[in-house]
Amino acid sequence: MESASPMVPQDAPPGPTTAPLPDRVNAEPAIIKGLSSTESQWAIGLAVLVWFPVGSLVGFAIHHLPMAVLIIATGPIATVWLAAGQMAKLKRNRPDHYYLHLLLHWAASVRLIRSGFVTHSGAWDIGRTLLPARAPRSRVRIR
């Protein structure tokens with residue numbers, strides 16, 4: 001019986017000695033076309049937020065409630081399926097959470113958020129001079 005699991009290397013001999021690949025142990029498993037559980041929840045939530053008002057407006061505009069239900073049901077499914085394909089292209093051959101860091105870097109560059117990244121591209125300063133500053137002379141007189 002062969003294992004088709006991505007956790008087991010394909011060239012490893014079958015048996016209890018095979019260990020999971022260490023880069024996949026702490027990662028969320030892919031659920032929908034490469035989206036993890038968290039990513040798919042976000043995609044579904046955002047798609048429903050977009051398609052619910054659209055479907056409602058179309059259904060009420062043409063006075064046909066089943067059309068609204070159809071749009072509200074199929075719109076998020078199609079959107080999540082297409083978004084998962086785009087995310088798979090974005091995530092391919094890149095480290096975990098690459099797209100999140102890309103989004104945060106973009107938001108910091110357009111000043112939507114404060115940057116947690118090092119974005120300085122010039123000479124660095126250590127905050128002090130190389131020569132120690134002289135201590136001021138005391139004005140106390142000794143008699």
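Every read-out reported here was derived from the displayed coordinates using simple, explicitly stated rules and does not represent laboratory data. Source: prediction; values computed, not measured. Reconstructed Cβ throughout: ideal geometry from the backbone, glycine too, with neighbour counts over all protein chains shown.
Go through the residues of segment 72-92 one by one and say whether even a single one is assigned to a helix (DSSP H, G or I) and farther than 30 Å from residue 28 by Cβ.
No, the conditions are met nowhere in segment 72-92.
Which one of 59, 55, 75 is surrounded by 12 or more Cβ atoms within 10 Å (Cβ to Cβ) and closer than 30 Å to residue 102 by Cα?
75
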